[in-house]
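Working notes, structure below.
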Ligand code: SAM
């Protein structure tokens, strides 16, 4: 069966990498794993062997049929659905110690990351990404790659582990190398949904000043941000790329006091 390009199907075939990936997932033995895009089960099978329970979500009916044939385990639940249509609340309300795992379909990786970030019950995210996205996630401020994704991930998660995965570990072989990163959720004391909206507005217009971006996006507390800059001797024409991750959190907390 041919891999479906439009569904981002690059299957993991390197046994050693699969082993290292499974070993890197936090607290696997006691956890419920939510896996997006199990495909032919390269990660799913060892996950079912190691974890307390696995809930896998797959959009491709051909893959669903393969998995139904090959995995028979009371602790394995297979959901035939588009992950973007899933309501986490319905899926995981009965679960605890929930870890998210995915060799992400690259055409919607960022959308899935933001969707998972919003659900605090996911204690960790262990995800395979194309190298370009890994670089964006760990970019330093004042660089081209630093952006909304960098700040969102850096504010909400801590990096636990990173495994380089060369293109040759997949079939079909993608054009670029990938990285598998393990992120654990930080303890935070602010509203994630509102914070992510704030970050989105800050980066709404690249190259413009942050105050302009906030104004153009209709952010309701733009004046409070301006006051924060004045009170903290920050130049008013500062751009979002110049601000460090921790300072986004500080600004957000202060304007919401
Ligand atoms: N986990 C397998 C592996 O590592 O070999 C396959 C990973 S492959 C990169 C991505 C998987 O995500 C494919 O099985 C694809 O069919 C599935 N997928 C693509 N879009 C999806 C969606 N919107 N919802 C759920 N699964 C999706």
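Some points to look at:
- A straight chain from residue 163 to residue 123 at 0.36 nm per residue would run longer than the Cα-Cα distance by 12.5 nm.
- Stretching residue 206 away from residue 74 to a fully extended chain increases their span by 42.6 nm, per 0.36 nm per residue minus the current alpha-carbon distance.
- Angstrom value of the Kirkwood radius, inverse mean 1/r, which spans all Cα pairs in region 196-257: 11.3
- Principal axis extents of the C-alpha atoms in region 82-149 (largest first, rounded to whole Å): 43, 21, 16.
- Tilt relative to the chain, helix 245-255 - C-alpha long axis, 0 to 90 degrees, to 10: 60
- Paired Rg and Dmax values of region 33-173, which use every Cα atom, in angstrom: 15.5, 51
- Compared with the dominant principal axis of the Cα atoms in the chain, helix 222-231 is inclined by about 60°.
- Each residue of the chain gets 132 Å³ once the volume of the Cα convex hull is shared out per residue.
- With the helix formula -39500 (n - 2.57) applied to DSSP H stretches of n ≥ 4, the chain reaches a computed 222 nm mean residue ellipticity of -10500 deg cm²/dmol.
- Per the Debye calculation on region 154-239 with a single equal scatterer at every Cα and no solvent contribution, log₁₀ I(q)/I(0) for q = 0.19, 0.22, 0.24, 0.25 Å⁻¹ amounts to -0.91, -1.01, -1.09, -1.13.
- In nm, spacing of pseudo-spin labels at residue 62 and residue 15 (7 Å Cα→C-beta vector): 2.6
- Two-site label geometry, residue 256 and residue 2: point separation in nm, points 7 Å out along Cα→Cβ: 4.8
- Extending 7 Å from the Cα toward the beta-carbon at both residue 187 and residue 95 defines two label points whose distance is 2.4 nm.
- For 182, 101, order by how many other beta-carbon atoms lie within 10 Å, fewest first: 182, 101
- Counting every alpha-carbon pair across region 2-85, the share separated by more than 17 Å comes to 46%.
- Here, region 110-205 is characterised by an Rg to Rh ratio of 0.99, where Rg is the alpha-carbon radius of gyration and Rh the Kirkwood radius.
- Seen against the Cα atoms of the chain and their longest principal axis, helix 15-24 is set at about 50 degrees.
None of the figures in this text is laboratory data; all of them are computed from the coordinates on show. As the structure is a prediction and not an experimental result, all values here were calculated from the model. Glycine gets a Cβ as well: all are built from the backbone with ideal geometry, and neighbour counts include every protein chain shown.
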